[in-house]
Amino acid sequence: MSEPTHLSLTMQHRQGTLAFDAAFELTRPWTVLFGPSGSGKTTVLRAIAGLMRPATGRIVLGFAPARVLFDRTEGIYMPAHRRGVRLAAQVATLFPNMTVQENIAYGVPPAAMEVVDETLQRFHLERLAETMPWKLSGGERQRTAVARAAASATTLGGSGLLLLDEPFAGLDLRLRDDLLRDLRSWLAETHTPVLSVTHDVGEAFQLGAEVIKFADGRVLQQGPVEAVLAEERERLLDQLSGGGVRKA
Amino acid sequence: MDFEALWLTLRLAAGTTAILLVAGLPLAWWIASGRGAGRAVVQALVALPLVLPPTVVGFYLLVMLGPLTAPGRLLIRLFGHSLAFSFSGLLVGSVIYSLPFAVQPLVAGFGSVDRGYTEAAAGLGASPWRTFRTVVMPLTRGSLLTSAVLAFTHTVGEFGVVLMLGGNIPGATQTLSISLYDQVQDFNYAAANRTALALVIISLAALIVIYSRRGSGLGRGELV
(Lines give C-alpha, C1' and ligand atoms only; values in the text may rest on other atoms or scores of the structure.)
Protein backbone atom coordinates (compact mmCIF):
# COMPACT_ATOMS: atom_id res chain seq x y z
CA MET A 1 0.00 0.00 0.00
CA SER A 2 1.36 3.40 -0.88
CA GLU A 3 1.95 6.15 1.63
CA PRO A 4 -0.47 9.07 1.57
CA THR A 5 0.12 11.77 -0.94
CA HIS A 6 0.98 14.80 1.10
CA LEU A 7 0.74 18.32 -0.14
CA SER A 8 1.68 21.23 2.06
CA LEU A 9 2.48 24.49 0.45
CA THR A 10 2.02 28.21 0.75
CA MET A 11 2.39 30.68 -2.04
CA GLN A 12 1.35 34.13 -3.07
CA HIS A 13 -1.89 34.05 -4.96
CA ARG A 14 -3.66 36.98 -6.62
CA GLN A 15 -6.16 37.02 -3.77
CA GLY A 16 -3.50 36.91 -1.10
CA THR A 17 -1.53 34.12 0.45
CA LEU A 18 -2.61 30.65 -0.54
CA ALA A 19 -2.17 27.91 2.01
CA PHE A 20 -2.79 24.31 1.16
CA ASP A 21 -2.23 21.47 3.53
CA ALA A 22 -3.70 18.13 2.67
CA ALA A 23 -2.66 14.55 2.99
CA PHE A 24 -4.69 12.03 1.14
CA GLU A 25 -4.47 8.43 0.22
CA LEU A 26 -5.42 7.63 -3.30
CA THR A 27 -7.94 5.06 -2.13
CA ARG A 28 -10.15 5.88 -5.04
CA PRO A 29 -8.48 6.30 -8.40
CA TRP A 30 -9.82 9.80 -8.82
CA THR A 31 -9.39 12.66 -6.34
CA VAL A 32 -11.15 15.94 -6.97
CA LEU A 33 -10.05 19.34 -5.78
CA PHE A 34 -13.37 21.13 -5.52
CA GLY A 35 -13.85 24.84 -4.96
CA PRO A 36 -15.18 28.07 -6.38
CA SER A 37 -13.49 29.87 -9.25
CA GLY A 38 -10.50 31.93 -8.19
CA SER A 39 -9.88 29.96 -4.99
CA GLY A 40 -6.40 28.89 -6.07
CA LYS A 41 -7.07 25.35 -7.29
CA THR A 42 -5.14 25.87 -10.52
CA THR A 43 -2.22 27.32 -8.57
CA VAL A 44 -2.04 24.16 -6.49
CA LEU A 45 -1.97 21.96 -9.61
CA ARG A 46 0.73 24.11 -11.19
CA ALA A 47 2.83 23.87 -8.04
CA ILE A 48 2.53 20.07 -8.03
CA ALA A 49 3.41 19.96 -11.74
CA GLY A 50 6.50 22.10 -11.13
CA LEU A 51 5.35 25.04 -13.24
CA MET A 52 5.62 27.40 -10.28
CA ARG A 53 7.64 27.42 -7.10
CA PRO A 54 5.78 27.83 -3.77
CA ALA A 55 7.23 30.25 -1.21
CA THR A 56 7.29 27.62 1.50
CA GLY A 57 6.08 24.12 2.16
CA ARG A 58 6.59 20.60 1.01
CA ILE A 59 5.07 18.49 -1.75
CA VAL A 60 5.40 14.75 -1.47
CA LEU A 61 3.88 12.18 -3.74
CA GLY A 62 3.39 9.16 -1.59
CA PHE A 63 3.85 6.38 -4.05
CA ALA A 64 6.28 3.63 -3.30
CA PRO A 65 8.90 4.98 -2.97
CA ALA A 66 7.63 8.43 -1.93
CA ARG A 67 8.95 11.27 -4.04
CA VAL A 68 9.73 14.65 -2.50
CA LEU A 69 8.93 17.08 -5.31
CA PHE A 70 9.52 20.21 -3.28
CA ASP A 71 10.83 20.99 0.14
CA ARG A 72 11.72 24.56 0.92
CA THR A 73 13.53 23.73 4.16
CA GLU A 74 15.71 21.08 2.55
CA GLY A 75 16.16 23.09 -0.63
CA ILE A 76 14.60 20.44 -2.86
CA TYR A 77 12.98 21.53 -6.09
CA MET A 78 12.51 18.73 -8.58
CA PRO A 79 12.25 19.99 -12.18
CA ALA A 80 8.86 19.51 -13.85
CA HIS A 81 10.03 16.85 -16.32
CA ARG A 82 11.41 14.58 -13.59
CA ARG A 83 8.32 14.60 -11.35
CA GLY A 84 6.38 11.80 -13.00
CA VAL A 85 3.41 14.16 -13.09
CA ARG A 86 1.40 14.96 -16.22
CA LEU A 87 -0.82 18.00 -16.54
CA ALA A 88 -3.67 18.96 -18.87
CA ALA A 89 -4.19 22.68 -18.37
CA GLN A 90 -7.58 24.35 -18.41
CA VAL A 91 -6.83 26.04 -21.72
CA ALA A 92 -6.18 23.31 -24.27
CA THR A 93 -2.80 24.31 -25.64
CA LEU A 94 -1.99 21.92 -28.47
CA PHE A 95 1.35 22.25 -30.23
CA PRO A 96 0.39 24.09 -33.43
CA ASN A 97 3.22 22.54 -35.44
CA MET A 98 2.02 18.97 -34.82
CA THR A 99 -0.97 16.92 -35.91
CA VAL A 100 -3.42 15.48 -33.36
CA GLN A 101 -1.54 12.17 -33.48
CA GLU A 102 1.83 13.88 -33.02
CA ASN A 103 0.45 15.90 -30.12
CA ILE A 104 -0.73 12.73 -28.40
CA ALA A 105 2.58 10.97 -29.09
CA TYR A 106 4.59 13.85 -27.61
CA GLY A 107 4.54 12.64 -24.02
CA VAL A 108 4.66 8.93 -24.85
CA PRO A 109 8.04 7.17 -24.68
CA PRO A 110 9.19 5.56 -27.98
CA ALA A 111 8.88 2.08 -26.45
CA ALA A 112 5.16 2.57 -25.70
CA MET A 113 3.94 4.04 -29.00
CA GLU A 114 1.05 1.56 -29.21
CA VAL A 115 -0.61 3.76 -26.56
CA VAL A 116 -1.05 6.47 -29.19
CA ASP A 117 -3.34 4.37 -31.38
CA GLU A 118 -5.23 3.19 -28.32
CA THR A 119 -5.71 6.78 -27.19
CA LEU A 120 -6.97 7.88 -30.59
CA GLN A 121 -9.45 5.03 -30.52
CA ARG A 122 -10.63 5.55 -26.93
CA PHE A 123 -11.16 9.27 -27.41
CA HIS A 124 -12.79 8.85 -30.85
CA LEU A 125 -10.06 10.89 -32.47
CA GLU A 126 -9.01 8.45 -35.22
CA ARG A 127 -10.50 10.47 -38.06
CA LEU A 128 -8.70 13.56 -36.76
CA ALA A 129 -5.32 11.87 -36.35
CA GLU A 130 -3.67 13.76 -39.21
CA THR A 131 -5.49 17.05 -38.58
CA MET A 132 -3.62 20.18 -37.51
CA PRO A 133 -4.89 21.82 -34.29
CA TRP A 134 -6.07 25.02 -35.97
CA LYS A 135 -8.64 22.99 -37.91
CA LEU A 136 -10.19 21.53 -34.74
CA SER A 137 -13.28 22.77 -32.93
CA GLY A 138 -12.99 23.86 -29.30
CA GLY A 139 -14.39 20.55 -28.07
CA GLU A 140 -12.02 18.52 -30.24
CA ARG A 141 -9.08 20.54 -29.01
CA GLN A 142 -10.11 19.98 -25.41
CA ARG A 143 -10.53 16.26 -26.01
CA THR A 144 -7.11 16.03 -27.67
CA ALA A 145 -5.43 17.91 -24.81
CA VAL A 146 -6.95 15.59 -22.17
CA ALA A 147 -6.13 12.53 -24.31
CA ARG A 148 -2.53 13.71 -24.70
CA ALA A 149 -1.96 14.09 -20.95
CA ALA A 150 -3.77 10.83 -20.17
CA ALA A 151 -1.79 8.87 -22.79
CA SER A 152 1.46 10.11 -21.29
CA ALA A 153 0.31 9.40 -17.71
CA THR A 154 -0.68 5.80 -18.47
CA THR A 155 2.87 5.05 -19.60
CA LEU A 156 4.16 5.96 -16.13
CA GLY A 157 2.48 2.96 -14.56
CA GLY A 158 0.96 3.43 -11.14
CA SER A 159 3.78 5.68 -10.00
CA GLY A 160 2.65 8.66 -12.04
CA LEU A 161 0.01 11.26 -11.29
CA LEU A 162 -2.32 12.85 -13.79
CA LEU A 163 -3.43 16.40 -13.06
CA LEU A 164 -6.49 17.67 -14.89
CA ASP A 165 -7.50 21.31 -14.61
CA GLU A 166 -11.23 21.62 -15.37
CA PRO A 167 -10.79 19.06 -18.15
CA PHE A 168 -14.40 19.08 -19.25
CA ALA A 169 -15.10 22.81 -19.04
CA GLY A 170 -16.77 24.17 -22.14
CA LEU A 171 -17.83 20.76 -23.46
CA ASP A 172 -21.48 20.00 -24.09
CA LEU A 173 -23.02 17.60 -21.59
CA ARG A 174 -23.22 14.54 -23.81
CA LEU A 175 -19.63 14.85 -24.98
CA ARG A 176 -18.51 15.48 -21.41
CA ASP A 177 -20.27 12.34 -20.17
CA ASP A 178 -18.75 10.19 -22.96
CA LEU A 179 -15.30 11.56 -22.39
CA LEU A 180 -15.52 11.26 -18.64
CA ARG A 181 -16.70 7.66 -18.78
CA ASP A 182 -13.98 6.63 -21.25
CA LEU A 183 -11.28 8.41 -19.34
CA ARG A 184 -12.32 7.03 -15.95
CA SER A 185 -12.40 3.44 -17.11
CA TRP A 186 -9.08 3.69 -18.94
CA LEU A 187 -7.27 5.32 -16.03
CA ALA A 188 -8.72 2.75 -13.65
CA GLU A 189 -7.52 -0.09 -15.93
CA THR A 190 -4.02 1.35 -16.05
CA HIS A 191 -4.02 2.18 -12.30
CA THR A 192 -3.23 5.81 -13.07
CA PRO A 193 -4.09 8.09 -10.13
CA VAL A 194 -5.74 11.39 -10.97
CA LEU A 195 -6.11 14.71 -9.20
CA SER A 196 -8.55 16.92 -11.05
CA VAL A 197 -9.93 20.34 -10.42
CA THR A 198 -13.57 21.29 -10.78
CA HIS A 199 -16.21 23.64 -9.44
CA ASP A 200 -18.98 21.45 -10.88
CA VAL A 201 -20.87 19.43 -8.26
CA GLY A 202 -22.37 17.10 -10.87
CA GLU A 203 -18.96 16.31 -12.29
CA ALA A 204 -17.55 15.48 -8.85
CA PHE A 205 -20.44 13.08 -8.18
CA GLN A 206 -20.12 11.54 -11.61
CA LEU A 207 -16.52 10.73 -10.87
CA GLY A 208 -17.51 9.13 -7.57
CA ALA A 209 -14.37 10.55 -6.17
CA GLU A 210 -12.56 11.45 -3.02
CA VAL A 211 -13.03 15.19 -2.66
CA ILE A 212 -10.86 17.91 -1.18
CA LYS A 213 -13.08 20.92 -0.64
CA PHE A 214 -11.10 24.07 -1.15
CA ALA A 215 -11.98 27.74 -0.69
CA ASP A 216 -10.01 30.95 -0.21
CA GLY A 217 -6.78 29.02 -0.53
CA ARG A 218 -7.60 26.61 2.32
CA VAL A 219 -8.77 23.03 2.64
CA LEU A 220 -12.16 23.01 4.36
CA GLN A 221 -13.02 19.34 4.27
CA GLN A 222 -11.85 16.10 2.79
CA GLY A 223 -13.53 12.75 2.23
CA PRO A 224 -15.89 10.79 -0.04
CA VAL A 225 -17.89 12.96 -2.38
CA GLU A 226 -21.21 11.86 -0.84
CA ALA A 227 -20.16 13.25 2.55
CA VAL A 228 -18.21 16.34 1.54
CA LEU A 229 -20.54 17.70 -1.12
CA ALA A 230 -23.89 16.65 0.39
CA GLU A 231 -24.90 20.26 1.04
CA GLU A 232 -23.92 21.42 -2.45
CA ARG A 233 -25.82 18.48 -3.91
CA GLU A 234 -28.98 19.41 -2.00
CA ARG A 235 -28.68 23.01 -3.09
CA LEU A 236 -28.24 21.96 -6.71
CA LEU A 237 -31.24 19.63 -6.59
CA ASP A 238 -33.27 22.36 -4.95
CA GLN A 239 -32.34 24.79 -7.71
CA LEU A 240 -33.16 22.23 -10.40
CA SER A 241 -36.58 21.59 -8.88
CA GLY A 242 -37.31 25.32 -8.77
CA GLY A 243 -36.68 25.90 -5.09
CA GLY A 244 -33.69 28.12 -5.82
CA VAL A 245 -35.81 30.32 -8.01
CA ARG A 246 -38.55 30.60 -5.34
CA LYS A 247 -36.00 31.55 -2.67
CA ALA A 248 -34.55 34.22 -4.94
CA MET B 1 33.99 42.97 -61.43
CA ASP B 2 36.40 42.16 -58.59
CA PHE B 3 35.72 38.44 -58.12
CA GLU B 4 38.42 38.14 -55.47
CA ALA B 5 36.58 40.72 -53.35
CA LEU B 6 33.25 39.02 -54.07
CA TRP B 7 34.58 35.62 -52.92
CA LEU B 8 36.14 37.15 -49.78
CA THR B 9 32.89 38.98 -48.98
CA LEU B 10 30.81 35.82 -49.34
CA ARG B 11 33.26 33.83 -47.18
CA LEU B 12 33.20 36.54 -44.53
CA ALA B 13 29.39 36.77 -44.56
CA ALA B 14 28.93 32.98 -44.44
CA GLY B 15 31.46 32.58 -41.59
CA THR B 16 29.92 35.45 -39.62
CA THR B 17 26.40 34.07 -40.07
CA ALA B 18 27.43 30.57 -38.96
CA ILE B 19 29.17 31.86 -35.83
CA LEU B 20 26.28 34.19 -35.01
CA LEU B 21 23.67 31.46 -35.31
CA VAL B 22 25.58 29.15 -32.98
CA ALA B 23 26.34 31.89 -30.43
CA GLY B 24 23.15 33.88 -30.97
CA LEU B 25 20.66 31.11 -30.22
CA PRO B 26 21.53 30.55 -26.55
CA LEU B 27 22.10 34.28 -26.02
CA ALA B 28 18.72 35.17 -27.53
CA TRP B 29 16.97 32.42 -25.54
CA TRP B 30 18.54 33.69 -22.33
CA ILE B 31 17.44 37.27 -23.08
CA ALA B 32 13.93 36.22 -24.14
CA SER B 33 13.35 33.92 -21.19
CA GLY B 34 13.71 36.92 -18.89
CA ARG B 35 15.99 35.46 -16.24
CA GLY B 36 19.16 36.90 -14.79
CA ALA B 37 19.93 40.27 -13.28
CA GLY B 38 22.33 41.35 -16.01
CA ARG B 39 19.81 40.90 -18.80
CA ALA B 40 19.27 44.62 -19.45
CA VAL B 41 23.02 45.25 -19.52
CA VAL B 42 23.62 42.37 -21.94
CA GLN B 43 20.72 43.52 -24.13
CA ALA B 44 22.19 47.02 -24.26
CA LEU B 45 25.64 45.67 -25.16
CA VAL B 46 24.18 43.48 -27.92
CA ALA B 47 22.28 46.45 -29.37
CA LEU B 48 25.20 48.91 -29.06
CA PRO B 49 26.53 48.38 -32.63
CA LEU B 50 23.16 49.57 -33.93
CA VAL B 51 23.66 53.07 -32.54
CA LEU B 52 27.44 53.51 -32.64
CA PRO B 53 29.21 54.80 -35.76
CA PRO B 54 30.97 51.83 -37.42
CA THR B 55 34.28 53.65 -37.15
CA VAL B 56 33.95 53.73 -33.35
CA VAL B 57 33.31 49.97 -33.23
CA GLY B 58 36.20 49.43 -35.66
CA PHE B 59 38.56 51.61 -33.64
CA TYR B 60 37.89 49.85 -30.35
CA LEU B 61 38.17 46.44 -31.98
CA LEU B 62 41.48 47.50 -33.55
CA VAL B 63 42.77 48.51 -30.14
CA MET B 64 41.35 45.40 -28.48
CA LEU B 65 42.94 43.02 -30.97
CA GLY B 66 46.34 44.74 -30.72
CA PRO B 67 49.17 44.08 -28.23
CA LEU B 68 48.05 46.86 -25.87
CA THR B 69 45.21 44.84 -24.32
CA ALA B 70 45.08 41.51 -22.48
CA PRO B 71 42.63 39.87 -24.95
CA GLY B 72 44.76 41.14 -27.83
CA ARG B 73 47.96 39.69 -26.30
CA LEU B 74 46.17 36.37 -25.68
CA LEU B 75 45.01 36.20 -29.31
CA ILE B 76 48.52 37.09 -30.56
CA ARG B 77 49.90 34.23 -28.43
CA LEU B 78 47.24 31.83 -29.76
CA PHE B 79 47.51 32.75 -33.46
CA GLY B 80 51.16 33.85 -33.55
CA HIS B 81 50.23 37.24 -35.01
CA SER B 82 47.84 40.12 -34.46
CA LEU B 83 44.36 39.57 -35.84
CA ALA B 84 44.17 43.18 -37.01
CA PHE B 85 44.45 43.52 -40.79
CA SER B 86 43.71 39.83 -41.32
CA PHE B 87 40.66 37.85 -42.42
CA SER B 88 40.30 36.36 -38.91
CA GLY B 89 40.24 39.88 -37.48
CA LEU B 90 37.53 40.86 -39.96
CA LEU B 91 35.54 37.83 -38.87
CA VAL B 92 35.75 38.87 -35.19
CA GLY B 93 34.74 42.44 -36.09
CA SER B 94 31.84 41.29 -38.29
CA VAL B 95 30.50 38.97 -35.61
CA ILE B 96 30.42 41.78 -33.06
CA TYR B 97 29.09 44.37 -35.50
CA SER B 98 26.32 42.11 -36.86
CA LEU B 99 25.40 40.66 -33.46
CA PRO B 100 22.19 42.70 -32.99
CA PHE B 101 20.98 41.80 -36.49
CA ALA B 102 21.21 38.11 -35.62
CA VAL B 103 20.09 38.22 -31.99
CA GLN B 104 17.17 40.65 -32.08
CA PRO B 105 14.96 38.68 -34.53
CA LEU B 106 15.59 35.57 -32.43
CA VAL B 107 14.68 37.37 -29.20
CA ALA B 108 11.48 38.63 -30.85
CA GLY B 109 10.71 35.13 -32.15
CA PHE B 110 11.31 33.40 -28.83
CA GLY B 111 9.33 36.11 -27.04
CA SER B 112 6.33 35.47 -29.29
CA VAL B 113 6.09 31.79 -28.35
CA ASP B 114 3.12 31.46 -25.99
CA ARG B 115 4.27 30.28 -22.59
CA GLY B 116 1.36 27.82 -22.70
CA TYR B 117 3.27 25.73 -25.27
CA THR B 118 6.42 25.41 -23.17
CA GLU B 119 4.34 24.69 -20.06
CA ALA B 120 2.32 22.07 -21.95
CA ALA B 121 5.57 20.37 -22.98
CA ALA B 122 6.88 20.45 -19.40
CA GLY B 123 3.53 19.08 -18.22
CA LEU B 124 4.08 16.12 -20.55
CA GLY B 125 7.49 15.34 -19.10
CA ALA B 126 9.65 17.09 -21.72
CA SER B 127 12.99 18.46 -20.55
CA PRO B 128 13.76 22.14 -21.26
CA TRP B 129 16.17 21.11 -24.05
CA ARG B 130 13.57 18.86 -25.69
CA THR B 131 10.97 21.62 -25.38
CA PHE B 132 13.36 24.07 -27.04
CA ARG B 133 14.25 21.63 -29.83
CA THR B 134 10.78 20.25 -30.60
CA VAL B 135 8.42 23.10 -29.75
CA VAL B 136 10.22 26.45 -29.63
CA MET B 137 12.54 25.99 -32.62
CA PRO B 138 9.91 24.73 -35.08
CA LEU B 139 7.62 27.62 -34.08
CA THR B 140 10.37 30.19 -34.67
CA ARG B 141 11.87 28.95 -37.94
CA GLY B 142 10.87 32.23 -39.60
CA SER B 143 12.84 34.21 -37.01
CA LEU B 144 15.83 31.93 -37.47
CA LEU B 145 15.78 32.56 -41.21
CA THR B 146 15.37 36.32 -40.71
CA SER B 147 18.27 36.28 -38.28
CA ALA B 148 20.53 34.40 -40.71
CA VAL B 149 19.62 36.56 -43.70
CA LEU B 150 20.02 39.85 -41.83
CA ALA B 151 23.39 38.78 -40.39
CA PHE B 152 24.55 37.71 -43.85
CA THR B 153 23.41 40.82 -45.73
CA HIS B 154 24.59 43.19 -43.04
CA THR B 155 28.06 41.64 -43.22
CA VAL B 156 28.04 41.86 -47.02
CA GLY B 157 27.34 45.59 -46.77
CA GLU B 158 29.82 46.44 -44.00
CA PHE B 159 32.24 49.25 -44.68
CA GLY B 160 33.41 51.28 -41.69
CA VAL B 161 34.34 48.43 -39.37
CA VAL B 162 36.01 46.49 -42.19
CA LEU B 163 38.07 49.47 -43.26
CA MET B 164 39.19 50.33 -39.71
CA LEU B 165 39.96 46.76 -38.70
CA GLY B 166 41.17 45.18 -41.94
CA GLY B 167 42.50 48.06 -43.96
CA ASN B 168 42.27 47.53 -47.68
CA ILE B 169 44.42 44.52 -48.59
CA PRO B 170 43.29 42.83 -51.82
CA GLY B 171 42.71 39.12 -51.33
CA ALA B 172 43.02 39.39 -47.54
CA THR B 173 40.67 42.09 -46.25
CA GLN B 174 39.30 43.91 -49.28
CA THR B 175 35.56 43.26 -49.41
CA LEU B 176 33.13 44.32 -52.14
CA SER B 177 32.10 47.54 -50.41
CA ILE B 178 35.77 48.61 -50.05
CA SER B 179 36.48 47.57 -53.62
CA LEU B 180 33.58 49.80 -54.69
CA TYR B 181 35.06 52.69 -52.71
CA ASP B 182 38.43 52.15 -54.45
CA GLN B 183 36.80 52.04 -57.87
CA VAL B 184 34.99 55.32 -57.28
CA GLN B 185 38.21 56.92 -56.00
CA ASP B 186 39.86 55.81 -59.27
CA PHE B 187 36.93 57.26 -61.31
CA ASN B 188 36.32 53.75 -62.65
CA TYR B 189 32.57 54.16 -62.71
CA ALA B 190 31.91 51.19 -65.01
CA ALA B 191 33.53 48.78 -62.52
CA ALA B 192 31.89 50.62 -59.61
CA ASN B 193 28.53 50.17 -61.30
CA ARG B 194 29.03 46.41 -61.60
CA THR B 195 30.18 46.11 -57.98
CA ALA B 196 27.27 48.20 -56.70
CA LEU B 197 24.85 46.13 -58.78
CA ALA B 198 26.27 42.90 -57.29
CA LEU B 199 25.69 44.30 -53.77
CA VAL B 200 22.14 45.34 -54.66
CA ILE B 201 21.36 41.89 -56.14
CA ILE B 202 22.71 40.03 -53.06
CA SER B 203 20.73 42.23 -50.66
CA LEU B 204 17.54 42.14 -52.71
CA ALA B 205 17.68 38.35 -53.09
CA ALA B 206 18.11 37.99 -49.34
CA LEU B 207 15.15 40.25 -48.59
CA ILE B 208 12.98 38.36 -51.11
CA VAL B 209 13.85 35.15 -49.24
CA ILE B 210 12.60 36.71 -45.97
CA TYR B 211 9.41 38.19 -47.38
CA SER B 212 8.48 35.10 -49.40
CA ARG B 213 8.58 33.12 -46.15
CA ARG B 214 6.08 35.41 -44.41
CA GLY B 215 2.81 33.57 -43.92
CA SER B 216 4.05 30.35 -45.52
CA GLY B 217 4.54 28.60 -42.19
CA LEU B 218 1.12 29.26 -40.73
CA GLY B 219 -0.26 25.91 -41.84
CA ARG B 220 2.21 24.20 -39.54
CA GLY B 221 1.57 26.74 -36.80
CA GLU B 222 4.81 28.56 -37.33
CA LEU B 223 5.12 32.00 -35.75
CA VAL B 224 6.64 34.06 -38.53
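The values are calculated or read from the model by the stated rules, or taken from the named source; none is laboratory data. Just so it is clear, the model here is predicted, and its values are computed rather than measured. Because the Cβ atoms are built from the backbone with ideal geometry, glycine has one as well, and the counts that use them run over all protein chains shown. Ligands, DNA and RNA are stripped out before the accessible areas are found, and what is left, the full protein with its side chains, is counted by its heavy atoms. Shrake-Rupley method; radii C 1.70, N 1.55, O 1.52, S 1.80 Å.
Do the conditions hold for A:P54, that is, is it in contact with a helix residue (DSSP H, G or I) (Cβ under 8 Å, 6 or more places away or on another chain), in a loop (DSSP other than H, G, I, E, B), more than 10 Å from chain B (Cβ to nearest Cβ) and surrounded by 18 or more Cβ atoms within 10 Å (Cβ to Cβ)?
Details: in contact with a helix residue (DSSP H, G or I) (Cβ under 8 Å, 6 or more places away or on another chain): yes; in a loop (DSSP other than H, G, I, E, B): yes; more than 10 Å from chain B (Cβ to nearest Cβ): yes; surrounded by 18 or more Cβ atoms within 10 Å (Cβ to Cβ): yes.
So A:P54 passes the test.
Just wondering, is there one or more residues in the range A:109-131 that are open to solvent by 50 Å² or more (accessible area, probe 1.4 Å), in contact with a helix residue (DSSP H, G or I) (Cβ under 6 Å, 6 or more places away or on another chain) and not in a loop (DSSP other than H, G, I, E, B)?
If we filter the range A:109-131 for residues that are open to solvent by 50 Å² or more (accessible area, probe 1.4 Å), which is where we start, we get A:109-111, A:113-114, A:117-118, A:121-122, A:124, A:126-127, A:130.
If we keep only those that are in contact with a helix residue (DSSP H, G or I) (Cβ under 6 Å, 6 or more places away or on another chain) as well, we get A:122, A:126.
Filter once more, keeping what is not in a loop (DSSP other than H, G, I, E, B): A:122, A:126.
Checking the range A:109-131: at least one residue is open to solvent by 50 Å² or more (accessible area, probe 1.4 Å), in contact with a helix residue (DSSP H, G or I) (Cβ under 6 Å, 6 or more places away or on another chain) and not in a loop (DSSP other than H, G, I, E, B).
Looking only at helices (runs of 4 or more DSSP H) that lie completely in the range B:91-187, which have at least 1 residues being within 30 Å of B:H81 (Cα to Cα)? Lay out the reasoning, then the answer.
Numbers: elements: B:115-122, B:128-131, B:141-156, B:160-166, B:176-185.
The qualifying helices (runs of 4 or more DSSP H) are B:141-156, B:160-166, B:176-185.
Take the residues in the range A:68-104 that are surrounded by fewer than 18 Cβ atoms within 10 Å (Cβ to Cβ) and assigned to a strand (DSSP E or B); name whichever of them is farthest from the other protein chains (Cβ to nearest Cβ).
A:D71
Residues checked against (1) in contact with a Lys or Arg (Cβ under 6 Å, 6 or more places away or on another chain); (2) farther than 30 Å from A:L162 by Cβ; (3) surrounded by fewer than 17 Cβ atoms within 10 Å (Cβ to Cβ); (4) more than 14 Å from chain A (Cβ to nearest Cβ):
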position	(1), (2), (3), (4)
B:L74	no, yes, yes, yes
B:A102	no, yes, no, yes
B:Y117	no, no, no, no
B:S127	no, no, yes, no
B:R130	no, no, yes, no
B:R133	no, no, yes, no
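Find all pairs meeting these conditions: Cβ atoms under 7 angstrom apart; at least six residues apart or on different chains; first residue within the range B:72-98 and of a type outside the set (F, W, Y); second residue surrounded by fewer than 16 Cβ atoms within 10 Å (Cβ to Cβ) and part of a loop (DSSP other than H, G, I, E, B).
B:R73/B:P67; B:I76/B:P67; B:S82/B:P67; B:S86/B:A172
Criterion first (open to solvent by less than 50 Å² (accessible area, probe 1.4 Å) and more than 14 Å from chain B (Cβ to nearest Cβ)) does A:E140 satisfy it?
Working: open to solvent by less than 50 Å² (accessible area, probe 1.4 Å): yes; more than 14 Å from chain B (Cβ to nearest Cβ): yes.
Yes: the conditions hold for A:E140.
With respect to B:A18, is the statement that it is modelled with pLDDT of 95 or more, of a type outside the set (S, T, N, Q), open to solvent by less than 70 Å² (accessible area, probe 1.4 Å) and part of a helix (DSSP H, G or I) true? Spell out how you get there, then give the answer.
Values: modelled with pLDDT of 95 or more: yes; of a type outside the set (S, T, N, Q): yes; open to solvent by less than 70 Å² (accessible area, probe 1.4 Å): yes; part of a helix (DSSP H, G or I): yes.
Yes.
Does the range A:150-164 contain any residue that is at pLDDT 85 or above and more than 14 Å from chain B (Cβ to nearest Cβ)?
From the range A:150-164, those at pLDDT 85 or above are A:150-156, A:161-164; that's our starting set.
Checking which are more than 14 Å from chain B (Cβ to nearest Cβ) leaves us with none.
So far as the range A:150-164 goes, no, none of its residues is at pLDDT 85 or above and more than 14 Å from chain B (Cβ to nearest Cβ).
Out of all the residues in the range B:1-29, which are over 18 Å from B:I202 (Cα atoms) and touching a residue at least 12 places away in the same chain (Cβ under 8 Å)? Step through it out loud before you land on a result.
First pass over the range B:1-29, keeping only residues over 18 Å from B:I202 (Cα atoms): B:19-29.
If the condition is that a residue be over 18 Å from B:I202 (Cα atoms) and touching a residue at least 12 places away in the same chain (Cβ under 8 Å), then B:I19, B:L20, B:L21, B:A23, B:G24, B:L25, B:L27, B:A28, B:W29 are the ones that fit.
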